[in-house]
Amino acid sequence: MFFICMLMPASISILTEKRIDKTNKSTSDLILKYLFYTFLITTIMNTFIYIFSSEKMLPYSEYTFNYDFCLKYMWLSLIVAFILPYIFKVINANININLELKEKKNTKKVKEVKDAKEKKKTKKRKDNKNN
């Protein structure tokens, strides 16, 4: 029961995200998303357990995952799993980050190049005047 409670909701999130995006993604991308959703859903559910539990040190053991606890855990985690892709879609649609990288010019080198060009020009002028 432990593995079903921990691993099943992330697959619901992946299916929901596939329906929202309607795009085919690579297998590696799906695996990474599955792992991300598993981590996030488990973290959210552990936070709920910690906040609402009378025992703050609730260990994950077989006696913890009785039928009553599993039923409540699964329904709440399925709700979280269904809502998360929509939250990420809204965040992705409304937040856009653009990075513009500019190369910092070395002012010494630029000055040296300009000085060298001016020296060549003045030398040519002197040579032309001498001829």
* Which of the following residues is more than 21 Å from Asn92 (Cα to Cα), open to solvent by 70 Å² or more (accessible area, probe 1.4 Å) and either modelled with pLDDT under 85 or not basic (Lys, Arg) (or both): Thr47, Thr42, Thr27, Thr64? -> Thr27
* Scan segment 1-25 and report the pairs whose first residue is outside any helix (DSSP H, G or I) and whose second residue is open to solvent by less than 90 Å² (accessible area, probe 1.4 Å), with Cβ atoms within less than 8 Å and a gap of 6+ or a chain change. => Met1/Phe65; Met1/Cys70; Lys25/Lys33
* To do: Would you check which residues across segment 26-37 are in a helix (DSSP H, G or I) and among the polar types (S, T, N, Q) and list them?
  => Thr27, Ser28
* Structure fact -> Counting only residues that are modelled with pLDDT of 80 or more and assigned to a helix (DSSP H, G or I), segment 86-109 contains a total of 9
* To do: Check segment 72-80 and report whether any residue there is modelled with pLDDT of 65 or more, more than 16 Å from Phe3 (Cα to Cα) and assigned to a helix (DSSP H, G or I).
  => yes
* Matching residues in segment 1-24 - criterion: being at pLDDT below 85 and under 14 Å from Ser77 (Cβ atoms) -> Met1, Phe2, Phe3, Ile4, Cys5, Met6, Leu7
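The values are calculated or read from the model by the stated rules, or taken from the named source; none is laboratory data. Being a predicted model, the structure only gives us computed values, none of them experimental. Virtual Cβ from ideal backbone geometry, glycine too; neighbours counted across all protein chains shown. SASA here: full protein model, heavy atoms, side chains in, ligands and nucleic acids out. Shrake-Rupley method; radii C 1.70, N 1.55, O 1.52, S 1.80 Å.
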